[in-house]
Every structure is written in structure tokens, then in C-alpha cells.
Amino acid sequence: MGILDDFGKVVSDTYKSATKTSGKIIEEGKLKLLIMDNESAMKEIYQSIGKEYCETYFKGELLNNDKFQNEFDELKRMQLENSQAQERILELKSVRKCTNCDKEIDLNSTFCHYCGTKQPDYVPTKQDNEEENIADVKIEAESVEEVIVSEIQCKNCNANIKSSDDFCPNCGAKIE
Ligand SMILES: [Zn+2]
Ligand SMILES: [Zn+2]
């Protein structure tokens with residue numbers, strides 16, 4: 001798609017001098033554009049189905065759902081593509097969403113540091129295994145945060161945690 005290519009070019013010009021982190025930023029930008037493209041295409045499909053549905057009703061005819069099978073398939077495909085893109089965006093940022101409170105937490109957290117809920121084991125995707133630089137980005141992100149948030153130790157398990165954490169990401173203990 002033209003828009004995506006143009007965007008990629010603009011982004012790559014902008015980040016010409018940046019390190020390998022820029023690859024992730026470009027990928028995230030492309031994924032966001034893909035999601036937006038899909039959302040507007042889906043909106044059009046919903047509208048055309050709705051219009052046809054109403055027109056058929058006004059004519060007093062019965063509507064056969066099979067009529068929209070192609071549209072339904074297309075909607076499902078784009079919904080799936082969008083949810084996969086959303087997941088990939090989170091991975092690129094080295095975060096995932098808490099299964100309870102939906103806040104973004106560190107990919108490797110055992111417990112959510114907002115609400116203390118235990119998280120399912122993180123299983124890296126194939127893409128992660130192929131990339132050696134995800135850890136680098138994480139370290140960069142952490143060192144930026146350290147400027148604002150100091151590190152403390154969990155009184156329960158002694159893991160290094162952030163002073164801003166409400167719950168220990170390692171053992172789930174409430175931080176006083
Ligand atoms: Zn949570
Ligand atoms: Zn702990």
C-alpha cells in the first residue's frame with residue numbers, strides 16, 4: 001500500500017541516524033497505520049451492509065445472510081489482523097497487558113505491579129526469538145525510567161523493583 005511505503009520512508013529519513021531501535025519504531029508506525037486502514041475499511045463494509053439491509057427491508061423482501069458472506073469473511077480477516085498487530089505493538093514495546101486490570105506491564109513480570117494479579121507465563125513469539133535486540137531496548141527503557149524512579153528491594157523476595165510499584169512484579173507482595 002502506497003501510504004504505508006510513504007510513511008516508512010518519512011520515518012526512515014527522520015530516524016536515519018538512530019540505532020536499531022528505529023527498526024522497531026518504523027514497524028510500530030506501520031502496524032498502527034495498518035490498524036487504521038483496516039478500521040476505516042471495516043467501517044465502510046459495516047455501512048454498506050447496513051444500507052443494503054435497510055433497503056431490502058423497505059422493499060419488504062427477506063434478506064439472505066449468505067449474501068454478505070464475502071463481507072463477513074473480510075471483516076473477520078481484518079479483525080484478526082488488527083488484534084495480531086496490537087499484540088505485536090505491545091511486544092515491540094516489551095510490554096504486555098495485565099489479564100486483570102489491562103494496564104501495560106513489563107513483558108517478564110510474574111505479577112502485575114498495579115493490581116498484584118499473577119500473570120500467565122510469558123511465551124516469546126517466533127519473531128522475538130529471531131531478534132536479539134529486544135533486550136537492548138528494554139535496558140534503554142529501564143535506564144531512562146531510573147532517572148525518575150529509584151530502585152528498591154521487595155521486602156518479601158528481595159527482588160529489585162521500582163519504588164513506584166504497588167505490587168512486586170516478581171512475587172506479587174504488596175509494596176508498603
Ligand atoms: Zn493488573
Ligand atoms: Zn517480591
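Structural remarks
- Top-ranked residue of region 94-114 - restricted to ones that are of a type outside the set (V, I, T) and surrounded by fewer than 16 Cβ atoms within 10 Å (Cβ to Cβ), ranked as farthest from ligand 1 (Cβ to nearest atom): N108
- The listed residues are Q153, Q79, and the only one of them that is at pLDDT 95 or above and surrounded by fewer than 17 Cβ atoms within 10 Å (Cβ to Cβ) turns out to be Q79.
- If the condition is being over 29 Å from the mean Cα position of the chain (by Cα) and either near ligand 2 (Cβ under 8 Å from one of its atoms) or among the hydrophobic types (A, V, I, L, M, F, W, C) (or both), then region 155-176 contributes K155, N156, C157, N158.
- Every pair of residues 6+ apart whose Cβ atoms lie under 8 Å, when the first sits in region 98-122 and is in the same structural domain as D165 (by TED's automatic domain parsing) and on the phi > 0 side of the Ramachandran plot while the second is within 16 Å of ligand 2 (Cβ to nearest atom) and not in a loop (DSSP other than H, G, I, E, B): G116/F167; G116/K174
- Residue check, L107 in contact with a helix residue (DSSP H, G or I) (Cβ under 6 Å, 6 or more places away or on another chain) and modelled with pLDDT under 90: no
- From the list D165, D136, the lone residue that is part of a loop (DSSP other than H, G, I, E, B) and at pLDDT 50 or above is D165.
The values are calculated or read from the model by the stated rules, or taken from the named source; none is laboratory data. Not measured: the values here are computed from a predicted model. Here Cβ is always computed from backbone atoms with ideal geometry, including for glycine, and neighbour counts include all displayed protein chains.
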